[in-house]
Amino acid sequence: MRINFDFFDLEAFLAVKETGSFHAAADRLGLSQSSVTRRVRKLEEALGTTLFERTTRDVRPTLAGKRLQLRADAMLQEARETTRALRDESAAFAHQRAQTVTLATIPTVVAALVTPAIRSLQSDIKPVRIRLLDLAANEVAEAVAQGEADFGLCSVPMLEPTTEFTPLFEEPLVLAVHPNHRLAARDQVYWHDLRNESLVLPAQGTGNRLVIYEALARSGTPIRWSYEARRTSTALDLVAQGVAVSPVPKLVSLHTANRDIAWKDLADPSVWRPIGLLTRLGQSHTKAASAFKEKILAAANALQKDLTVRTIP
């Protein structure tokens, strides 16, 4: 059954019922008397019954009108409560959205940059909800470009034409080896020393794999790998078990505790990866997102004092 009346029609009906007059109902609703009359007639036509007996002296509800009153009251009250609840929820959602920051980040900078920034942020301002998307470098770029993240931390400068890369610093890659490995006694390891080693590299398409291959291609250094791992933590599991050796970002070495791993400088060539903030062109940030970005910048500046990194020209 199709419903051919609305809440305005019910509101006009109740006003006439309660005042006993179309004229008084019009005054209450701030409408013309003809508008009130049209709404009541529309309701009568939709219901297929007469709601009022009209005389020159008064307006009296019919039996159908009396029966409708309680239902009309209930329907309008339900509509008002629903509207009020939805408005409250919308206001609450808008507040939560303003206080929620989504960061897309490569996992290897979480301990060094993201965690200190979160600690500082939560101590300075009211609680902020932070959603972390730990992704590969190309996925970080996609999340920022598509608006899934407010901004990102990435190691590959140019992946999406709609994003902007703001450099923070460059860090070297170091070699992770088991303490009993033959290379553990050396202060520095060269890439050509790894030709006969079981080597685990970052998976194809990751930012770390890209910077490694670009550096080795420039130097003409051949390389052969035995294993691939998407996550650095997986590569370190292999290293800790003495299965393989692996080049990893130096930041990882500073935040990997209680592992049977020794860290060696890698040279000839030295491989550096850039770390930077990725934002969508023309995007404006909420106050919470801007504050979080500032905290990450501060954490990056602090790192440059404690770690052998270099600024990006």
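Given a 1.4 Å probe and the protein chains as shown, Thr56 ends up with an accessible area of around 150 Å². The residue list Leu175, Met75, Ala64 was ranked by how far each Cα lies along the charge dipole of the chain toward its positive end, using unit charges on Cβ atoms, and Ala64 comes out on top. Set against the labelled values [x] 42, 24, 22; [y] 45, 22, 18; [z] 72, 19, 17, semi-axes √(5λ) of the Cα gyration tensor in Å computed from this structure falls on [z]. Using the alpha-carbon atoms, what tilt in degrees (0 to 90, nearest 10) does helix 207-219 show relative to the longest principal axis of the chain? The answer is roughly 30 degrees. Using the Karplus relation 6.51 cos²θ - 1.76 cosθ + 1.60 with θ = phi - 60°, the per-residue 3J(HN,Hα) values for region 189-202 come to 10, 9, 4, 5, 5, 9, 4, 9, 9, 6, 10, 10, 10, x Hz, with x marking Gly and Pro. Among Asn208, Asn180, Asn301, the largest mean-square fluctuation in a Gaussian network model of the chain (Cα springs under 10 Å) belongs to Asn180.
A Förster distance of 51 Å, applied to the separation of the beta-carbon atoms of Arg218 and Glu294, puts the FRET efficiency at 0.90.
Taking Arg54, Arg231, Arg131 in turn, the Gaussian network model of the chain (Cα-Cα springs below 10 Å) assigns the largest fluctuation to Arg54. Across region 183-225, Cα pairs under 8 Å and at least six residues apart give a relative contact order of 46 percent. Annotation: amide H of Val271 within the under-5 Å range of Leu173, sequence separation 5 or more or interchain, hydrogens built in the peptide plane. Charge tally for Leu173 (other residues, Cβ to Cβ under 9 Å; Lys, Arg +1; Asp, Glu -1): +1. This model, with +1 at the C-beta of Lys and Arg and -1 at the C-beta of Asp and Glu, gives the chain a dipole about its Cα centre of some 780 debye. Placing Val243, Val16 in order of accessible area, with the largest value first and a 1.4 Å probe, yields Val243, Val16. Dividing the summed -39500 (n - 2.57) terms of all DSSP H runs of n ≥ 4 by the residue count of the chain sets its mean residue ellipticity at 222 nm at -14000 deg cm²/dmol. Here the extension length gained between Lys287 and Leu47 equals 81.1 nm, from 0.36 nm per residue of separation less the Cα-Cα distance. Ranking Leu210, Ala244, Asn301 by how far each Cα lies toward the positive end of the dipole of region 210-303 (charges on Cβ) leaves Asn301 at the top.
Projecting the Cα atoms of Pro161, Ala145, Val128 onto the dipole axis of region 100-193, where Lys and Arg carry +1 and Asp and Glu carry -1 at the beta carbon, places Val128 farthest toward the positive end. With a Cα cut-off of under 17 Å and a minimum spacing of 8 residues unless on different chains, the lysine pairs in the chain number 9. Between Val239, Val59, Val189, the GNM of the chain built on Cα springs shorter than 10 angstrom shows Val59 fluctuating the most. Can you give me the C-alpha center-to-center distance between region 138-204 and region 255-301, rounded to a whole angstrom? Measuring centre to centre over Cα atoms gives 11 Å.
The residues of the chain present an accessible area of 55 Å² per residue when probed at 1.4 Å with all protein chains retained. Under the simplified labelling scheme, the Gln188-Ser21 pair shows an inter-label distance of 10.2 nm, with each label point 7 Å from Cα along Cα→Cβ. Tell me, what % of the accessible area of the chain is carbon and sulfur with a 1.4 angstrom probe? Carbon and sulfur: 49 percent of the exposed surface of the chain.
About its Cα centre, the dipole of region 151-237 is roughly 360 debye, where the only charges are +1 on Lys and Arg Cβ and -1 on Asp and Glu Cβ. Annotation: amide H-H contacts under 5 Å for Tyr190 (H modelled 1.01 Å from N, sequence separation of 5 or more, or interchain): Ala267.
Say R0 is 51 Å: what FRET efficiency, to the nearest 0.05, do Arg57 and Arg84 get from their beta-carbon distance? It comes out at approximately 0.80.
Entry note, region 17-83: relative contact order of 25 percent, from Cα contacts under 8 Å with a spacing of 6+ residues.
The values are calculated or read from the model by the stated rules, or taken from the named source; none is laboratory data. Note that the coordinates shown come from a computational prediction; the quantities given were computed from them, not determined experimentally. Counting neighbours? That spans all protein chains shown, and the Cβs are built from the backbone with ideal geometry, glycine included. When the accessible area is computed, the model is the full protein with side chains, heavy atoms only, and any ligands, DNA or RNA have been set aside. Shrake-Rupley method; radii C 1.70, N 1.55, O 1.52, S 1.80 Å.
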